[in-house]
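Enquirer: Take this structure first; my questions come after.
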Amino acid sequence: MRRAPATAKLNLALVVGPQREDGRHEVATVLQRLDLSDRVAVQSAPALRVVGFAEDTLVRRALETLGAAAEVEPRWHARIWKRIPVAAGLGGGSSDAATALRLANETLPTPLSPGKLLELAATLGADAPFFLTAGPQLGEGSGDELTQLDLPQDYWVVLLLPRNARKESTEAVYASFDERAGEHGYVERRAALQEALAQVRRPRDLAALPPNDLASSPLADELLGLGAFRADVTGAGPVVYGLFHHRDQAAAAERALRRHGRTWLSVPAWYG
């Protein structure tokens, strides 16, 4: 049985533009892996079976998609061990699917090429291809056009999932964005993101990245008050994150925030 971690991700920035002809939106987003991860195992089997997470649909779809592309029956047994909170903006479902796709591909007599796997991952979700890459990436287009970034990795991350937070569907979050004409100024915000990225040398330079266009939280201000040099919502939320220079300060902030909900202390990861 092949096993691998399926890491969470942060959107260190998320700039959103107009809706495209395919129904998705133009975005420019900075994607960073975290060492918080699910675990996925895959092995060949008489029939397709996915266990460990009853709500899964993406891993099953990933394996069915791989079987169709490779022109084989999707005969795999997959197991998921969940640690990443569900529907939280951390990409756990996409990460599980991309990891299962990669592991199952390795069992094929003639594995598909990395480029083909990226194409298949893009059909599963805009951020799924990211989980087949290494290092932080700039996601453009609908988020699946990736360019590797040279960003610092030496900082600590505090994650907070607010208690009783209700995750709106991604469709609802984007519909709200459209209703408030959020796409206005996209070209300028995207240029500001690119300019800020060009200036990043040290962790604290990440503070100059523009804020999330889709979601915000007053808890980000609390994280800043606790010493974070950057704090924001990741993805469409509801998880809020703070970046810290030192472990002691990050750990103290994580403890202080427990009164608001579930918390995690994490660090950047380069690959799953």
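The values are calculated or read from the model by the stated rules, or taken from the named source; none is laboratory data. Everything numeric here is computed off the predicted structure, so don't read it as measured data. Positions of Cβ are generated from backbone atoms using ideal geometry, with glycine treated the same way; all protein chains shown enter the neighbour counts. These area figures cover heavy atoms from the full protein model, side chains too; ligands, DNA and RNA do not enter into them. Shrake-Rupley method; radii C 1.70, N 1.55, O 1.52, S 1.80 Å.
Enquirer: Protein chains only, probe 1.4 Å: how do SER216, SER44 rank by accessible area, largest first? All intermediate terms of the calculation are to be shown ahead of the outcome.
Expert: On the way: SER216 105, SER44 80 Å².
Descending accessible area places them as SER216, SER44.
Enquirer: Distance between Cα centroids, the stretch 66-108 to the stretch 207-262: provide it in whole Å.
Expert: 30 Å
Enquirer: Using a 1.4 Å probe, how large is the accessible area of LEU138, given in Å² and rounded to the nearest 10?
Expert: The accessible area of LEU138 comes to roughly 20 Å².
Enquirer: Exposed loop GluC sites (Glu not before Pro) only (DSSP loop, at most 14 other Cβ atoms within 10 Å): please give the longest stretch of the chain free of them, not including the sites.
Expert: On the way: sites that count: GLU21, GLU55, GLU71, GLU106.
After excluding every exposed loop site, the longest remaining stretch is 107-272.
Enquirer: Probe of 1.4 angstrom, ligands and nucleic acids ignored: what's the accessible area per residue over the chain, in square angstrom? Before the final figure, lay out the partial values.
Expert: On the way: 12270 Å² over 272 residues.
Ligands and nucleic acids excluded, the result is 45 Å² per residue.
Enquirer: Here is a further query. Mind running the shape call on the stretch 94-184? Use the C-alpha gyration tensor, a ≥ b ≥ c as the square roots of the eigenvalues: rounded below 1.5 for a/c, prolate if a/b tops b/c, oblate otherwise. Working shown, then result.
Expert: Numbers: a/c = 1.76, a/b = 1.55, b/c = 1.14.
Verdict is prolate for the stretch 94-184.
Enquirer: Now, a different point. Counting DSSP beta bridges with both partners in the chain, what percentage is antiparallel, nearest 5?
Expert: Details: 44 of 47 bridges.
Beta bridges within the chain, antiparallel portion: roughly 95 percent.
Enquirer: Right, something else. Only Lys, Arg, Asp and Glu count, each charged at its Cβ (+1, +1, -1, -1), so figure out the dipole size of the stretch 74-207 about its Cα centre, rounded to 20 debye.
Expert: Details: 15 positive and 17 negative charges, 146 e Å.
With only Lys, Arg, Asp and Glu charged at Cβ, the dipole is about 700 debye.
Enquirer: Okay, next question. Please report the spacing between the Cα centers of the stretch 1-31 and the stretch 126-163 in Å, no decimals.
Expert: Answer, in whole Å: 7.
Enquirer: Let me ask another. What part of the accessible area of the chain, given as a whole %, is carbon or sulfur when the probe is 1.4 angstrom?
Expert: Working: 5950 of 12270 Å².
Whole-percent figure for carbon plus sulfur exposure: 48.
Enquirer: Using only Cα atoms, tell me the angle between helix 247-257 and the longest principal axis of the chain; keep it within 0 to 90° and round to the nearest 10.
Expert: 90 degrees
Enquirer: Return the single residue from SER176, SER94, SER37 with maximal mean-square fluctuation; model: Gaussian network over the chain, springs between Cα atoms under 10 Å.
Expert: SER176
Enquirer: Could I ask something else about it? Counting DSSP beta bridges in the stretch 1-89, what percent are antiparallel, to the nearest 5? Working shown, then result.
Expert: Numbers: 20 of 23 bridges.
The antiparallel fraction comes to roughly 85 percent.
Enquirer: Amide H to amide H, which residues 5 or more places from GLY235 or on other chains are under 5 Å from it, using H placed in the peptide plane?
Expert: Excluding prolines and chain starts, which carry no amide H, the hits are ASN11.
Enquirer: Right, here's the next one. Compare GLY17, GLY141, GLY237 in a GNM of the chain, Cα atoms joined below 10 Å, and give the one with the largest fluctuation.
Expert: Evaluated over the chain, the most mobile residue of the options is GLY141.
Enquirer: Additional query: Mind putting a number on the dipole of the stretch 7-122 about its Cα centre? Charges go on the C-beta only, +1 for Lys and Arg and -1 for Asp and Glu, and I need it in Debye to the nearest 20.
Expert: Numbers: 14 positive and 13 negative charges, 69 e Å.
Magnitude of the dipole: close to 340 debye.
Enquirer: Could you derive backbone 3J(HN,Hα) for the stretch 112-117 from the dihedral phi with the Karplus parameters 6.51, -1.76 and 1.60 (θ = phi - 60°), listing whole Hz in sequence and x where the residue is Gly or Pro?
Expert: 5, 5, x, x, 5, 4
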